[in-house]
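A.B. asks: Dropping a structure here in structure tokens format, bear with me for questions.
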């Protein structure tokens with residue numbers, strides 16, 4: 001038998017269809033856990049320890065993620081403040097979907113996060129199946145329709161921004 005040369009892809013290179021996710025959390029163990037979970041699912045992961053660090057990376061163009069997962073309660077700059085700055089039109093970053101999360105979640109925090117521009121709010125610890133489903137839905141909605149407030153994306157889950165329900169409650 002003639003030996004054939006086998007070609008393989010270097011494990012350091014992400015697959016061609018890989019999406020980049022920016023994980024923002026002040027707790028290193030939370031970032032490490034999310035990085036492992038997301039990397040095992042095929043995502044490239046970039047990390048920041050707080051909202052200010054994340055905004056600096058984003059505004060300076062050092063990273064352009066397809067999705068952001070942010071903790072809400074962090075020192076220096078919390079996730080809600082970061083989302084408000086992110087969605088300012090002068091930065092050109094408002095189309096990046098944001099999944100916000102907190103271990104101390106309540107209805108007010110959820111409402112504040114969604115009104116600040118976050119697309120989805122989840123409580124920690126994450127249910128991994130729900131987390132994967134929400135990430136996939138946000139990425140699909142962004143790819144299919146850049147308008148993050150589309151009714152089709154809003155109707156997928158109760159923790160999503162639903163502009164029609166907000167109008168009814170007002």
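The values are calculated or read from the model by the stated rules, or taken from the named source; none is laboratory data. The model shown is predicted, which means the values in this text are computed figures rather than measured ones. Cβ sites come from the backbone with ideal geometry, for glycine too, and all protein chains shown count toward neighbours.
A.B. asks: Condition first: buried (at least 22 other Cβ atoms within 10 Å of the Cβ), in a loop (DSSP other than H, G, I, E, B) and modelled with pLDDT under 95. Can you find one or more residues in the range 16-25 that meet it?
C.D. replies: No, because not a single residue in the range 16-25 is buried (at least 22 other Cβ atoms within 10 Å of the Cβ), in a loop (DSSP other than H, G, I, E, B) and modelled with pLDDT under 95.
A.B. asks: Sticking with this one: Taking the range 81-97, which residues are out of contact with any strand residue (DSSP E or B) (no Cβ under 9 Å at 6 or more places or on another chain), in a helix (DSSP H, G or I) and closer than 16 Å to residue 51 by Cβ?
C.D. replies: Listed by number, the residues that qualify are 81, 84, 85, 91.
A.B. asks: So, residue 125, is that one surrounded by fewer than 13 Cβ atoms within 10 Å (Cβ to Cβ) and either assigned to a strand (DSSP E or B) or in contact (Cβ under 8 Å) with a residue 12 or more places away in the chain (or both) or not?
C.D. replies: yes
For every residue, the table says whether it meets (1) part of a loop (DSSP other than H, G, I, E, B); (2) within 26 Å of residue 127 (Cα to Cα).
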| site | (1), (2) |
| --- | --- |
| 39 | no, yes |
| 45 | no, yes |
| 65 | yes, yes |
| 76 | yes, no |
| 99 | no, yes |
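A.B. asks: Next question. Do we find that residue 68 is exposed (fewer than 13 other Cβ atoms within 10 Å of the Cβ) and modelled with pLDDT of 95 or more in this structure? Steps first, please.
C.D. replies: On the way: exposed (fewer than 13 other Cβ atoms within 10 Å of the Cβ): no; modelled with pLDDT of 95 or more: yes.
Here the answer is no, as residue 68 does not meet what is asked.
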